[in-house]
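Peer 1: Pasting in a structure now, in structure tokens, and then I'll have a few things to ask.
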Amino acid sequence: MKSAVVVFPGTNRDRDMVRALEGASGQSPALVWHKHSEIPKVDLIVLPGGFAHGDYLRAGAMAARSPVMREVVARAESGVPVLGVCNGFQALTEAGLLPGALLRNADLRFVCRTVTLRVENTQTLFTGRFAAGETFDTPVAHMDGNYFIDDEGHRRIAGNDQIAFRYADGAAAGPANPNGALDDIAGVFNETKTVLGLMPHPEDATDPLHGGTDGRKLFDGIVEALS
Amino acid sequence: MTEIIAEITPDIVAEHGLSAEEYQKVLEIMGRVPNLVELGIFSVMWSEHCSYKSSKRWLKTLPTDGAQVIQGPGENAGVVDLGDGLAAIFKIESHNHPSFIEPYQGAATGVGGILRDVFTMGARPVMNLNALRFGAPDHPKTRHLLAGVVAGIGGYGNCVGVPTVAGEVNFHPAYNGNILVNAMTVGLAPTDRIFYAKAVGAGNPVVYVGSKTGRDGIHGATMASAEFGADSEEKRPTVQVGDPFTEKLLIEACLELMATDAIVGIQDMGAAGLTSSSFEMASKGGMGVELELDRVPLREVGMTPYEIMLSESQERMLMVLKPGREAEARAIFEKWDLDFAVIGSLTETGRMVLRWHGGVVADLPIDPLAEAAPEYDRPWEPVEPPAALDEANFPEEGDPLDSLERLLATPDLASRRWIWEQYDHLVMGDTVERPGGDAGVIRIGDGPKGLAATTDCTPRYCLADPKTGGAQAVAEAWRNLNAVGALPLAVTNNLNFGNPEKPQIMGQIVGCVEGMAEACRALGTPVVSGNVSLYNETDGQAILPTPVIGGVGLLPDVAQVPGIGFRGEGEEILVIGWTTGHLGQSLYLRELFGREEGAPPPVDLETEKRNGDFLRGLIQAGRLSACHDVSDGGLLVALAEMALAGRGPQGPVGCSLTVPAGVASLAGWLFGEDQARYIVTAEAAMPVLEAAEMAGVPAQTIGRTGGSELTVEGFGHISLARLQAAHEDWLPGLMSGERAEAAQ
Amino acid sequence: MKARVHVTLKPGVLDPQGKAIEHALDTLGFSGVEEARQGKLIELDLAESDPERARAQVEEMCRKLLANTVIENYAIELEA
């Protein structure tokens, strides 16, 4: 599987993402700078975490208007799979590739800890390795992860199986939902399930010494589906 | 010479924090009356913050050498060799006064400043730590300050993308009017690509990069050197505002330029901004410098030379480049959307000359100013060490499990989860030991080696007996590094004290430094960098003496970190080191009986070294399943922390403890704070006991892991759920209702 | 020409910062604050001097960047 990781000024989890992709696919992703308007031909485009443009104005807002995003949108519309994690998820909603928006955490504090996710749809290219209803542990690290969508949108994404992950009870300390997200939503798909955005960092859960290995299933599944 | 101000009055001199004697020296060096710009430059260069005038005499007594030391104190940060062509670059620095005035920005810019000290030298920052002190939990300002400081540290470090892996927090009424915010950064650099502040080569261009200059923090360096009075609220406008996004870009741009050989010298613009950075670079190289202030990128209109030179706007650096390399450097900074301006050049005159609007606005000699920087041998009174606790006067022993439950919910022992969950401790993907353990650990590159770091100080010990307290801070850092399996390499220190013009305070400084020096020598951990923060007093109330140690150690293999949590059921629990039951200055006495009494536990450095070396050997041989040093709260508190951090299928793992026959005092044995001790677990106790005997290290089996309770044989048991609630609920309980702070 | 853009959360979107302000005001003894909502004020200095064209420009800026219309409303004030 060939992949590309988009780097914005202020992106800071590119290194974590590159490692996870290398571990799963055996291939180094191409790094694409935000000022570039071309992306090499790849099987997967990834928007990693960080604070692109300082998250000034709104998290992901400036990143979503970068030159490179025109190409990301065009590729996504042509069916190329796109994964956005944390700041990448925020940018994908700002760019209109995913429904909803990410608001400030309900308790107004940055949160970095392990959470448990329940996989809500296993019939996608991203989640094929998971069993229905399976839960797994992965870290979160964000200030603006409080997922919001209006009632009509909520009904639409629920009805179309676009909710990818929900926060669930698990071994981790603290409340299951770390940020007040509506309906415990941690990640969503676009209508065709080719674009996935999620707040947690599965790329930080691919190494037994660092954050556990639960996130490998996601990356292994993607590689399997796209190879 | 352009006229800046008609007359320098005694009032103006005093406002610049210069004594009459110091001003006399200014007149001698200048050979004339200085103008305001020049006076401002003298003022900041001779401030306590920049000149260490009260502490220098004593700092010189600290050991700074060792085979592992590449660069000791005097540069932006200390540098230690890690082998394999890699070096660790680190330093700790205070941002106490700004954080009291504006906690979010004060703490944030403190993190920004220490990050710059480290990447200025060519290192990529890989770990942030902090050491915080706040007033009494029920003081009206405490929650506001704590919420703001924590949000500020997180807001900056999280955005820059450097994990905050460890820290410490204490509460005491002595900090009501003066909180302490000490921030530490550790970076990694190739040993052949380390950059220094020394500027050489007449004609070489002096280059300004980073953010534009505004009126931020004018006179922050002198503010940090003056005792607070009731008017400190009015000093608010001088606090700087941080921009972590620009800092992130500055790191990437600097490291990109550093991969070339275009840089001669580089220095960040920290306290006293352009003045101290240009001055120090020229001074270190024995050069002169000429700056064209019209070329400095400005954010505000109408700024004067005085303001330009003294501004403490953040995220700025000064570099001297090799001639002809400007275009290459400019291209890199412009790629990252950062300002880049050639603002002057080095000269052979040995003078600092500042030009503005076609005229000279300052012209002063560099070496005489630096050499004449005041250095005081301030009078000091030795602190009389308190008598040991009278054993007959020991408090009555209550139910030990009840005492434990209460202790775990006290300010200095309660869980810090509420704090460290606001810090991104995982970014970069290399964090092996998260906050909540003995030391933060990251993997170096793809491993297996790792780097450990910790911050430590026990101020109540330092107040009672400065020398023992100074030594104890070093010893505790040493233990915390050993407890994760790291070989302690070197330390950085942050000396926080009250007003040094008072002989009692000066006595605390002298005593703490003496103890620190002895311990650093005995344990082989030289001081490679540091910072001094004095005048931490408000209306005559000084802080507790708080000489914080930041320790750094090297692990041969990060997979060996045992972790503090019990790993499973049925393991043997042992204590390494001897327990006499020392209750003087213990948290048990202070928190449960309101008694801040007695002598602190003695620090026997030979024993520390022997026990620590032995323990590290056990870990590196893979013989332990968990390890935790015994410190605040004593043995039973340490055991409870290990149980609550357990890594069983449901998390916490219980244990039962057997008190050895014949202990003099049950409370002393359970809650005494004897030094040089670690609790460890192993599948079998015997091999550990045998090895300990061979090494001449005391060790005894004290219990076994298992169950969901903590049991003290003969005294009952308590459920881990109850202990967990006590431990975890205190801080969130304190902070509930303080949500507005985080809204920044 | 100067433009001031007020960006506010749409009614019904949870505003934890507004809630925190409400709470803090209450703690400070300001009773009777029934609701607080926090927004943003963005000031722009425009080269355009024609109010109609300026408004059209700023409208477009709001839609494209300054506001996220999924969650936010905006209002524009022009000043010669």
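Peer 1: Got a sec? Which of B:PHE279, B:PHE245 is among the aromatic types (Phe, Trp, Tyr) and more than 14 Å from every other protein chain (Cβ to nearest Cβ)?
Peer 2: Details: B:PHE245 fails: more than 14 Å from every other protein chain (Cβ to nearest Cβ).
When all the criteria are applied, what remains is B:PHE279.
Peer 1: Scanning the range A:164-186 for residues that are touching a helix residue (DSSP H, G or I) at 6+ places or on another chain (Cβ under 6 Å) and of a type outside the set (Phe, Trp, Tyr), which turns out nearest to the other protein chains (Cβ to nearest Cβ)? Quick ask: steps written out before the conclusion?
Peer 2: So the first thing to find is which residues in the range A:164-186 are touching a helix residue (DSSP H, G or I) at 6+ places or on another chain (Cβ under 6 Å), and the list is A:166-167, A:177.
Retained after the next criterion (residues that are of a type outside the set (Phe, Trp, Tyr)): A:166, A:177.
Numbers: A:ARG166: 18, A:ASN177: 13 Å.
Applying the filter and picking the extreme gives A:ASN177.
Peer 1: Out of all the residues in the range B:39-67, which are open to solvent by less than 50 Å² (accessible area, probe 1.4 Å), among the hydrophobic types (A, V, I, L, M, F, W, C) and part of a loop (DSSP other than H, G, I, E, B)? Outline the logic, then answer.
Peer 2: The initial filter retains those residues of the range B:39-67 that are open to solvent by less than 50 Å² (accessible area, probe 1.4 Å), namely B:39-51, B:53-55, B:58-59, B:62-64, B:66.
Remaining after also requiring among the hydrophobic types (A, V, I, L, M, F, W, C): B:39, B:41-42, B:44-46, B:50, B:58-59, B:62.
Residues satisfying the conditions are B:TRP46, B:LEU62.
Peer 1: In the range C:1-37, which residues are acidic (Asp, Glu) and either touching a helix residue (DSSP H, G or I) at 6+ places or on another chain (Cβ under 7 Å) or touching a residue at least 60 places away in the same chain (Cβ under 8 Å) (or both)? Show your work before the answer.
Peer 2: From the range C:1-37, those acidic (Asp, Glu) are C:15, C:22, C:26, C:34-35; that's our starting set.
Answer for the range C:1-37, where residues must be acidic (Asp, Glu) and either touching a helix residue (DSSP H, G or I) at 6+ places or on another chain (Cβ under 7 Å) or touching a residue at least 60 places away in the same chain (Cβ under 8 Å) (or both): just C:GLU35.
Peer 1: Here's a follow-up. What number of residues within the range C:11-38 are within 24 Å of A:MET143 (Cβ to Cβ) and within 13 Å of chain B (Cβ to nearest Cβ)?
Peer 2: 15
Peer 1: Of (1) outside any helix (DSSP H, G or I); (2) surrounded by fewer than 24 Cβ atoms within 10 Å (Cβ to Cβ); (3) not hydrophobic (A, V, I, L, M, F, W, C), B:GLU252 satisfies all except one. Which?
Peer 2: Here B:GLU252 clears every test but (1).
Peer 1: Find the residue count for the range A:1-17, including only residues that are open to solvent by 30 Å² or more (accessible area, probe 1.4 Å) and within 14 Å of chain B (Cβ to nearest Cβ).
Peer 2: 2
Peer 1: Grab the strands (runs of 3 or more DSSP E) fully contained in the range B:68-181, keeping just those with 2 or more residues being under 30 Å from B:SER283 (Cβ atoms) and in contact (Cβ under 8 Å) with a residue 24 or more places away in the chain. Let's see the steps before the verdict.
Peer 2: Working: elements: B:69-71, B:78-83, B:86-94, B:124-134, B:164-171.
Answer list for the range B:68-181: B:69-71, B:78-83, B:86-94, B:124-134.
This table checks each residue for (1) within 16 Å of the chain's Cα centre (by Cα); (2) acidic (Asp, Glu); (3) not in a loop (DSSP other than H, G, I, E, B).
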| residue | (1), (2), (3) |
| --- | --- |
| C:GLY18 | yes, no, yes |
| C:ALA36 | yes, no, no |
| C:ARG53 | no, no, yes |
| C:MET61 | yes, no, yes |
| C:TYR74 | yes, no, yes |
| C:GLU77 | yes, yes, yes |
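Peer 1: Moving to a separate point now. For B:ILE419, indicate whether it is within 14 Å of chain A (Cβ to nearest Cβ), over 30 Å from B:GLU501 (Cα atoms) and in a strand (DSSP E or B).
Peer 2: On the way: within 14 Å of chain A (Cβ to nearest Cβ): yes; over 30 Å from B:GLU501 (Cα atoms): yes; in a strand (DSSP E or B): no.
Criteria not met by B:ILE419.
Peer 1: Can you confirm whether B:LEU639 is in contact (Cβ under 8 Å) with a residue 60 or more places away in the chain and within 29 Å of B:ASP390 (Cβ to Cβ)? Give the derivation first.
Peer 2: Values: in contact (Cβ under 8 Å) with a residue 60 or more places away in the chain: yes; within 29 Å of B:ASP390 (Cβ to Cβ): yes.
Against the criterion (in contact (Cβ under 8 Å) with a residue 60 or more places away in the chain and within 29 Å of B:ASP390 (Cβ to Cβ)), B:LEU639 qualifies.
Peer 1: Could you say whether any residue in the range A:35-52 is part of a helix (DSSP H, G or I), buried (at least 17 other Cβ atoms within 10 Å of the Cβ) and in contact with a Pro (Cβ under 9 Å, 6 or more places away or on another chain)? Can you show your working first?
Peer 2: Step one: filter the range A:35-52 for residues part of a helix (DSSP H, G or I), giving A:52.
Then keep just the ones that are buried (at least 17 other Cβ atoms within 10 Å of the Cβ); that gives A:52.
The next check asks that each one be in contact with a Pro (Cβ under 9 Å, 6 or more places away or on another chain); those that pass are A:52.
Within the range A:35-52, one or more residues are part of a helix (DSSP H, G or I), buried (at least 17 other Cβ atoms within 10 Å of the Cβ) and in contact with a Pro (Cβ under 9 Å, 6 or more places away or on another chain).
Peer 1: Out of the residues in the range B:521-549 that are of a type outside the set (A, V, I, L, M) and farther than 21 Å from B:LEU463 by Cβ, which is surrounded by the most Cβ atoms within 10 Å (Cβ to Cβ)?
Peer 2: Step one: filter the range B:521-549 for residues of a type outside the set (A, V, I, L, M), giving B:521, B:524-526, B:529-531, B:533, B:535-541, B:545-547.
With the extra rule that they be farther than 21 Å from B:LEU463 by Cβ, the set shrinks to B:521, B:524-526, B:529.
On the way: B:ARG521: 14, B:GLY524: 16, B:THR525: 27, B:PRO526: 23, B:SER529: 29.
Applying the filter and picking the extreme gives B:SER529.
Peer 1: Restricting to the range B:392-411, give me the number of residues that are at pLDDT 95 or above, of a type outside the set (A, V, I, L, M) and open to solvent by 20 Å² or more (accessible area, probe 1.4 Å).
Peer 2: So the count comes out to 4.
Peer 1: Also, I was wondering about something else. With the requirement that a residue be surrounded by fewer than 20 Cβ atoms within 10 Å (Cβ to Cβ) and in a loop (DSSP other than H, G, I, E, B), what does the range A:18-33 give you?
Peer 2: Of everything in the range A:18-33, those that are surrounded by fewer than 20 Cβ atoms within 10 Å (Cβ to Cβ) and in a loop (DSSP other than H, G, I, E, B) turn out to be A:GLY26, A:GLN27, A:SER28.
Peer 1: Give the residues of the range B:386-408 that are acidic (Asp, Glu) and assigned to a helix (DSSP H, G or I), sorted by residue number. Outline the logic, then answer.
Peer 2: Filtering the range B:386-408 for residues acidic (Asp, Glu) gives B:390-391, B:396-397, B:399, B:402, B:405.
Across the range B:386-408, the qualifying residues are B:GLU391, B:ASP402, B:GLU405.
Peer 1: Does at least one position in the range A:86-104 carry a residue that is surrounded by fewer than 21 Cβ atoms within 10 Å (Cβ to Cβ) and modelled with pLDDT of 95 or more? Even if it seems obvious, please write down each step before you answer.
Peer 2: Here is the first cut: in the range A:86-104, the ones surrounded by fewer than 21 Cβ atoms within 10 Å (Cβ to Cβ) are A:96.
Filter once more, so that each one left must be modelled with pLDDT of 95 or more: A:96.
There is at least one residue in the range A:86-104 that is surrounded by fewer than 21 Cβ atoms within 10 Å (Cβ to Cβ) and modelled with pLDDT of 95 or more.
Conditions (1) within 12 Å of chain B (Cβ to nearest Cβ); (2) in a helix (DSSP H, G or I); (3) β-branched (Val, Ile, Thr), marked per residue:
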| position | (1), (2), (3) |
| --- | --- |
| A:MET69 | no, yes, no |
| A:ARG75 | no, yes, no |
| A:GLY79 | no, no, no |
| A:GLY88 | no, yes, no |
| A:PRO99 | no, no, no |
| A:VAL115 | yes, no, yes |
| A:LEU125 | no, no, no |
| A:ALA131 | no, no, no |
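Peer 1: Might you check whether a residue that is over 19 Å from B:LEU291 (Cα atoms) and either without any contact (Cβ under 8 Å) to a residue 24 or more places away in the chain or out of contact with any helix residue (DSSP H, G or I) (no Cβ under 7 Å at 6 or more places or on another chain) (or both) occurs anywhere in the range B:333-353? If you could, list the steps in order and put the result at the bottom.
Peer 2: Keep residues of the range B:333-353 that are over 19 Å from B:LEU291 (Cα atoms), which gives B:333-338.
Filter again for either without any contact (Cβ under 8 Å) to a residue 24 or more places away in the chain or out of contact with any helix residue (DSSP H, G or I) (no Cβ under 7 Å at 6 or more places or on another chain) (or both), leaving B:334-335.
Yes, the range B:333-353 contains a residue that is over 19 Å from B:LEU291 (Cα atoms) and either without any contact (Cβ under 8 Å) to a residue 24 or more places away in the chain or out of contact with any helix residue (DSSP H, G or I) (no Cβ under 7 Å at 6 or more places or on another chain) (or both).
Peer 1: Out of the range C:38-80, which residues are under 30 Å from A:LEU98 (Cα atoms), open to solvent by 80 Å² or more (accessible area, probe 1.4 Å) and touching a helix residue (DSSP H, G or I) at 6+ places or on another chain (Cβ under 8 Å)?
Peer 2: The one that is under 30 Å from A:LEU98 (Cα atoms), open to solvent by 80 Å² or more (accessible area, probe 1.4 Å) and touching a helix residue (DSSP H, G or I) at 6+ places or on another chain (Cβ under 8 Å): C:LYS64.
Peer 1: Only residues that are polar (S, T, N, Q) and within 30 Å of B:VAL150 (Cα to Cα): list them for the range A:66-118, please.
Peer 2: Of the residues in the range A:66-118, the ones polar (S, T, N, Q) are A:66, A:78, A:87, A:90, A:93, A:105, A:114, A:116.
Passing the criteria: A:ASN87, A:GLN90, A:THR93, A:ASN105, A:THR114, A:THR116.
Peer 1: I would also like to ask the following. Six or more apart or on different chains, Cβ atoms under 6 Å: show the pairs whose first residue is in the range B:502-530 and in contact (Cβ under 8 Å) with a residue 24 or more places away in the chain and whose second is among the basic types (Lys, Arg).
Peer 2: Hits for this filter: B:MET506/B:ARG378; B:GLY511/B:LYS467; B:GLU514/B:LYS467; B:GLY515/B:LYS467; B:LEU523/B:LYS609; B:SER529/B:LYS91.
Peer 1: Now, a different point. For the range C:15-35, what are the residues that are surrounded by fewer than 16 Cβ atoms within 10 Å (Cβ to Cβ) and within 22 Å of C:ASN73 (Cα to Cα)? Before the answer, list the steps.
Peer 2: Going through the range C:15-35, the residues surrounded by fewer than 16 Cβ atoms within 10 Å (Cβ to Cβ) turn out to be C:25-35.
Within the range C:15-35, C:GLU34, C:GLU35 meet the criteria.
Peer 1: While we're on this one: Considering every residue within the range A:150-160, establish whether at least one is away from chain B (no Cβ under 14 Å), touching a strand residue (DSSP E or B) at 6+ places or on another chain (Cβ under 8 Å) and modelled with pLDDT of 95 or more.
Peer 2: Residues of the range A:150-160 that are away from chain B (no Cβ under 14 Å), as a first pass: A:150-160.
Now restrict to residues that are touching a strand residue (DSSP E or B) at 6+ places or on another chain (Cβ under 8 Å): A:157.
Those still in the list that are modelled with pLDDT of 95 or more too: A:157.
Checked against the condition, which is being away from chain B (no Cβ under 14 Å), touching a strand residue (DSSP E or B) at 6+ places or on another chain (Cβ under 8 Å) and modelled with pLDDT of 95 or more, the range A:150-160 yields at least one hit.
Peer 1: For a quick check of your reading: which strands (runs of 3 or more DSSP E) sit entirely within the range B:561-670 and have at least 1 residues that are surrounded by fewer than 21 Cβ atoms within 10 Å (Cβ to Cβ) and charged (D, E, K, R)? Spell out the reasoning first.
Peer 2: Numbers: elements: B:572-576, B:626-629, B:655-657.
Passing ranges, in order: B:572-576.
Peer 1: Based on this model, can you work out whether A:PRO139 counts as within 12 Å of chain B (Cβ to nearest Cβ) and either closer than 27 Å to B:ASP729 by Cβ or crowded, with 21+ Cβ neighbours inside 10 Å (or both)? I'd like the intermediate steps shown before the answer.
Peer 2: On the way: within 12 Å of chain B (Cβ to nearest Cβ): yes; either closer than 27 Å to B:ASP729 by Cβ or crowded, with 21+ Cβ neighbours inside 10 Å (or both): yes.
Against the criterion (within 12 Å of chain B (Cβ to nearest Cβ) and either closer than 27 Å to B:ASP729 by Cβ or crowded, with 21+ Cβ neighbours inside 10 Å (or both)), A:PRO139 qualifies.
Peer 1: Answer yes or no: is there a residue in the range B:258-266 that is within 27 Å of B:GLY242 (Cβ to Cβ), open to solvent by 10 Å² or more (accessible area, probe 1.4 Å) and over 26 Å from the mean Cα position of the chain (by Cα). Steps first, answer last, please.
Peer 2: We begin by selecting, within the range B:258-266, every residue within 27 Å of B:GLY242 (Cβ to Cβ); these are B:258-259, B:263, B:265-266.
Keeping just the survivors that are open to solvent by 10 Å² or more (accessible area, probe 1.4 Å) gives B:259, B:263.
Cutting the leftovers down to over 26 Å from the mean Cα position of the chain (by Cα) gives us B:259, B:263.
Yes, some residue in the range B:258-266 is within 27 Å of B:GLY242 (Cβ to Cβ), open to solvent by 10 Å² or more (accessible area, probe 1.4 Å) and over 26 Å from the mean Cα position of the chain (by Cα).
Peer 1: Just need a number here: residues in the range B:77-93 that are open to solvent by 10 Å² or more (accessible area, probe 1.4 Å) and under 16 Å from the mean Cα position of the chain (by Cα).
Peer 2: 2
The values are calculated or read from the model by the stated rules, or taken from the named source; none is laboratory data. If you're wondering where the values come from, they're calculated on a predicted model, not measured in any experiment. FYI the Cβ positions are ideal-geometry reconstructions off the backbone, even for glycines, and counts take in every protein chain you see. The area values use the complete protein model at the heavy-atom level, side chains included, leaving out ligands, DNA and RNA. Shrake-Rupley method; radii C 1.70, N 1.55, O 1.52, S 1.80 Å.
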